[in-house]
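Chemist: Attaching a single structure in structure tokens format; questions to follow.
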Amino acid sequence: MNRSGDVAPGPSSLPAELSDALALAIRAAHAAGAIQQAHVGRPHTIHTKSSFSDLVTEVDGLCEAAIRAEIAQTYPEHAVLGEEEGQQGEQGAAYRWVVDPLDGTVNYAHGFPFYCVSIALERIGGERLLGVVYDATRSELFTAVRGGGAFLNGQPIRVSDTPTLATPALLSTGFPYDPGDVRNLALLGKLLARGIPVRRPGAAALDLCYVACGRLDGYWELGLKPWDSAAGALIIAEAGGTVTDERGVARSDGPVIVSSNSLLHAELLAVLDAGSGSAEGSA
């Protein structure tokens, strides 16, 4: 259930420079989403990265190239950090785009329809300015600009009003690619032992957006990279939620992410009592 609240200002109220950047991010996300849908269900060229479950397809590369081309056309002076091609751009750039061109590649390669595009813009060494997550399978576009609220297809969204884990809350998580890293199994067991339902959809950016719009009450994961959480974490914050590390310190770029509707955040942290870590990505 979504928590009621004041309607956040829409994109039309944004400063012109952020409005232009948001429009670009939306164009780039739609372009990448169209590429995904054009190739879905077809045979893919699949490679592995850090482990046998850490997949990359030709579609990941096509999507990232399309996003980078959109950014370069309008903001050639900006840096870009992408999952597939790393960081590129001018050394002295003041702004950086953080891109996951296809979050949920394992799902995509198997035809499991839970994947998305994630694009964020941040000041280097400073604050995150905007986030866009696009789920082409459902035509759902999640957007947020710092101080401007969070939106799903242009409509304001808010986190849930679930007060405690025992309500019960609905949570989600993910697991690292490294098959030797089983730390999250113990954390998952703590919640399952309390009878709290937990899902594992397989695309971090969408998990975060589902917290933002109230479909989930909380989400945690170990081993994330900046492109996994950059856009979704801002969208949660603008929807009234909370994103921290395992110690409760507000941050959204660390390897351990704990997010919630704010109301049950302290309780979730206490139950997880998560140790820090930096496993490689999530399957």
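Chemist: Among the residues of the stretch 176-195, how many are open to solvent by less than 50 Å² (accessible area, probe 1.4 Å), part of a loop (DSSP other than H, G, I, E, B) and touching a Ser or Thr at 6+ places or on another chain (Cβ under 9 Å)?
Modeler: Residues flagged as open to solvent by less than 50 Å² (accessible area, probe 1.4 Å), part of a loop (DSSP other than H, G, I, E, B) and touching a Ser or Thr at 6+ places or on another chain (Cβ under 9 Å) within the stretch 176-195 amount to 1.
Chemist: Count, please, the residues in the stretch 135-151 that happen to be in contact with an Asp or Glu (Cβ under 6 Å, 6 or more places away or on another chain) and part of a strand (DSSP E or B).
Modeler: So the count comes out to 2.
Chemist: Please work out which residue is farthest from the chain's Cα centre (by Cα), limiting yourself to the stretch 105-148 and to residues that are open to solvent by less than 10 Å² (accessible area, probe 1.4 Å) and farther than 25 Å from Ala79 by Cβ.
Modeler: Top of the filtered list is Tyr108.
Chemist: Find the residue count for the stretch 205-255, including only residues that are at pLDDT 95 or above, open to solvent by 30 Å² or more (accessible area, probe 1.4 Å) and among the small types (Gly, Ala, Ser).
Modeler: 1
Chemist: Does at least one position in the stretch 262-272 carry a residue that is within 15 Å of the chain's Cα centre (by Cα), modelled with pLDDT under 95 and more than 24 Å from Asn153 (Cβ to Cβ)?
Modeler: No: zero hits.
Chemist: Can you tell me which residue is least open to solvent (accessible area, probe 1.4 Å) among those in the stretch 80-104 that are touching a Gly at 6+ places or on another chain (Cβ under 6 Å) and not hydrophobic (A, V, I, L, M, F, W, C)?
Modeler: Step by step, filter the stretch 80-104, then rank; the result is Gly104.
The values are calculated or read from the model by the stated rules, or taken from the named source; none is laboratory data. Here the structure is a predicted model, which means the values were calculated and not measured. Quick reminder, even Gly has a Cβ in these numbers, built from the backbone with ideal geometry, and neighbours come from all protein chains shown. Ligands, DNA and RNA are excluded from the accessible area calculation, which covers all protein heavy atoms including side chains. Shrake-Rupley method; radii C 1.70, N 1.55, O 1.52, S 1.80 Å.
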